[in-house]
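The values are calculated or read from the model by the stated rules, or taken from the named source; none is laboratory data. Please read these numbers as outputs of a predicted model, since none were measured by experiment. When we count neighbours, we look across all protein chains shown, and the Cβ atoms used for this are built from the backbone with ideal geometry, even at glycine.
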There are 2 protein chains.
Amino acid sequence: MSAATTAAGSACSPRTIQVELSANPYPVVIGEGVLARLGEQVRELGFKAGTKVLVVTNPDVDTHYGDVVLASLRTAGLAAEQLVIEAGEDQKTPATVALIHEAAFRQRLERGSLIVALGGGVVGDMAGFAAATWLRGIAVVQVPTTLLAMVDAAIGGKTGVNHPGGKNLIGAFHQPRLVLIDPATLATLPQREFRAGMAEVIKYGVIGDPELFSALEAAGDLSTIEAVGPALLQTLLERSAAAKARVVAADEREGGLRAILNYGHTLGHVVETLCGYGTFLHGEAVAIGMVAAGEIALAMGLWTPADQARQRALVVAAGLPQRWPDLDGAAVLACLQGDKKVRDGQVRFVLPTAIGSVEIRSDVSAETILAALERLP
Amino acid sequence: MSAATTAAGSACSPRTIQVELSANPYPVVIGEGVLARLGEQVRELGFKAGTKVLVVTNPDVDTHYGDVVLASLRTAGLAAEQLVIEAGEDQKTPATVALIHEAAFRQRLERGSLIVALGGGVVGDMAGFAAATWLRGIAVVQVPTTLLAMVDAAIGGKTGVNHPGGKNLIGAFHQPRLVLIDPATLATLPQREFRAGMAEVIKYGVIGDPELFSALEAAGDLSTIEAVGPALLQTLLERSAAAKARVVAADEREGGLRAILNYGHTLGHVVETLCGYGTFLHGEAVAIGMVAAGEIALAMGLWTPADQARQRALVVAAGLPQRWPDLDGAAVLACLQGDKKVRDGQVRFVLPTAIGSVEIRSDVSAETILAALERLP
């Protein structure tokens, strides 16, 4: 099982990356303007005319793209309705999922109906979870409109909401039937969120794609969509999606390999939790977490100061934070113990060994962790 | 894929029926006294000493069996804790699932941890759904203590809670790792609940097991556990579990064949919904629903008055209700449209064609339905 990239006819045509799951493979379609073709794409999946579709989105995204999406679905003969929800990280709760269920009930969604998640990671997680749990699971199509969701959250079937005790503690694995990525939607993304998404792109470079890492280094400035430019943007979307698809295909439910996608996330979650959700964007916390993981790898002799410097430089080039916040050591350790990535009480860290390669370690002592965090500038 | 029954050494040994799912097969163990061996059985699944186990149960079941279960788990080296919840049909809500999630959080359940559902169908549905949605899915073992849960709900991975608009609208498919059935726990089951469970046993007879149907007819009185006796009890538990296992193995997610298990349920749900949850027990509503489905089959010329009379006689022998309540026809039709078993707006009925055989029909007109219901005594 692997992810295959299908070459398109011309540079402007969308590219399709297949997520090769044995039970339920699905395509990731990436290209300028594909948003307006959502309806056709859904019909191509086999959904008949008249199928009920519930589009879940948030106010900002609705303003920019709601009409295009609804028109595309309706033109294709689908019975599309829309639900606009507030979708900040602090609204990512069971209560908001209940609102989606209410809309599903009002529209009388059936087992053959479809939910479309149009928006960032929070919309995707909640609409995906609502789909996973309505009538014991109905179809979902992910249409991410943030860089973070495009390169990470929308692919792989992780859905869920937060619990006061931690992020994403409540959720389900529920693979989408299609992921539709239109880079044009990034034009309206706030700069800070664009940068946060870039953290996950850098992650793919470090964990397995040195070529992507070098391409990012060559760009110099990664802090705005204009600086990145359309060609590199399409490339990094494709390479990130392909990387994610490969890992997901090899390990659908995070038994082993998929854990490498958590690079930067273990300590990133600590930062998010202890600083309070909302202080840092997820991608910003991941950037800090990657630099911190790099410091632990350095302390353990797993990788070199030069590679740590390259990683840090890329984080800086993307305009991302990399300073470890002033957190109480005991609180950090307690928070790590509450993290989902604990197995048999042991915290599992994804640590870099080179640009393009990581290792999973369960033998990182509390002393090593705290000393490395102390050492961070 | 089929269900295999493994013959045990002696009549008193438990029997094991395998649910032959390709991805995640699991055993159903049936026998007097197996409750006290839960700990060993869990260890045999591969759960190591020290594994965290959360036992979810309700006050009545806790009084009778809580200590035995906890002792068995702890003796086997498992770190077992217990949560007692109110588990009436009207507590089968997202709010109660949130209580289970709270307990999971307090106990710091990890991905390798286990939830044990000890009780009737409501406990099984909620504990199963909580397990399905904690950390995106942790293991669950079903230990049903009502006849209804033993022969139906505990096997097959359906989990969920009610929505004000209908039963089980919110839920997930989440197969257990083990189902442990101890007939001795039925000794403390209220008589009315025992009878309600018998409705599902009769269902297995009608949909595919004429031999079981005849065995039930031969018993004469099915209305109490004493009248049924231990030998027939073990037989009907085994045959029901085997029937359920066979159907589930052939159709894990209710794409086709599994729909036959809904025999009596489509109209049963209407009765439950329109009379208000709690007026009838689920099994009682199913009994009414089977007789009503039989009447529709009769009206369509699908089966004979003699078979309808045999079905009705067995329902009466089990002390179950069979009279259709006085419901508004328009409300019945509206409720059918809201049922999960609607596909493309068409209500799908499971209709009997003989004792031991059913058909799925989407061509039952509103007139036929209402006329048949009118005709019911």
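Beta carbons closer than 7 Å, at least 6 apart along the sequence or on distinct chains, pair a first residue in the range A:190-207 that is over 14 Å from A:VAL291 (Cβ atoms) with a second that is of a type in the set (Asp, Glu) and assigned to a helix (DSSP H, G or I) for A:ALA196/A:GLU284; A:GLU200/A:ASP152.
Being closer than 18 Å to B:LEU45 by Cβ, among the small types (Gly, Ala, Ser) and out of contact with any Cys (no Cβ under 9 Å at 6 or more places or on another chain) is a property that B:ALA154 has. In the condition set (1) touching a Pro at 6+ places or on another chain (Cβ under 7 Å); (2) surrounded by fewer than 16 Cβ atoms within 10 Å (Cβ to Cβ), A:GLN18 is compliant with all but (2). Scanning the range B:125-141 for residues that are of a type in the set (Gly, Ala, Ser), crowded, with 24+ Cβ neighbours inside 10 Å and at the interface with another protein chain (Cβ under 10 Å from one of its Cβ atoms) gives B:ALA130, B:ALA132.
Kindly evaluate B:ARG108 against the criterion of being in contact (Cβ under 8 Å) with a residue 24 or more places away in the chain, within 13 Å of chain A (Cβ to nearest Cβ) and more than 18 Å from the chain's Cα centre (by Cα). The answer is yes for B:ARG108. Taken residue by residue, the range A:142-153 has at least one member that is within 14 Å of chain B (Cβ to nearest Cβ) and under 29 Å from B:GLU102 (Cα atoms). Restricting the range B:243-257 to residues that are touching a Gly at 6+ places or on another chain (Cβ under 8 Å) and within 14 Å of chain A (Cβ to nearest Cβ), the residue that is nearest to B:GLY165 (Cα to Cα) is B:ARG253.
Only one of (1) in contact with a Lys or Arg (Cβ under 6 Å, 6 or more places away or on another chain); (2) closer than 25 Å to A:GLU211 by Cβ fails for A:VAL315. Which number is that? It fails just one condition, (1). Checking the range B:329-350 against the condition returns a match, with at least one residue being at pLDDT 95 or above, within 20 Å of the chain's Cα centre (by Cα) and crowded, with 19+ Cβ neighbours inside 10 Å. Does B:ASP221 satisfy being surrounded by fewer than 21 Cβ atoms within 10 Å (Cβ to Cβ), over 21 Å from B:ALA132 (Cα atoms) and among the acidic types (Asp, Glu)? Spelling it out, B:ASP221 is indeed surrounded by fewer than 21 Cβ atoms within 10 Å (Cβ to Cβ), over 21 Å from B:ALA132 (Cα atoms) and among the acidic types (Asp, Glu). Apart from one condition, B:LEU237 fits all of (1) at pLDDT below 95; (2) surrounded by 20 or more Cβ atoms within 10 Å (Cβ to Cβ); the exception is (1). Only one of the listed residues (A:GLY160, A:GLY165, A:GLY197) is under 22 Å from A:CYS275 (Cα atoms) and over 17 Å from the mean Cα position of the chain (by Cα). That residue is A:GLY165.
Determine if the range B:178-185 includes at least one residue that is under 17 Å from the mean Cα position of the chain (by Cα), within 14 Å of chain A (Cβ to nearest Cβ) and assigned to a strand (DSSP E or B).
Looking for residues that are under 17 Å from the mean Cα position of the chain (by Cα), within 14 Å of chain A (Cβ to nearest Cβ) and assigned to a strand (DSSP E or B), one finds none in the range B:178-185, hence no.
Please return the ranges of helices (runs of 4 or more DSSP H) entirely within the range B:279-377 where 2 or more residues are within 22 Å of B:GLY220 (Cα to Cα) and in contact with a Leu (Cβ under 7 Å, 6 or more places away or on another chain). The helices (runs of 4 or more DSSP H) meeting that bar are B:282-299, B:305-317.
Each residue in the range A:143-177 was checked for being under 23 Å from B:ALA172 (Cβ atoms), assigned to a loop (DSSP other than H, G, I, E, B) and not aliphatic (A, V, I, L, M), and 8 of them qualify.
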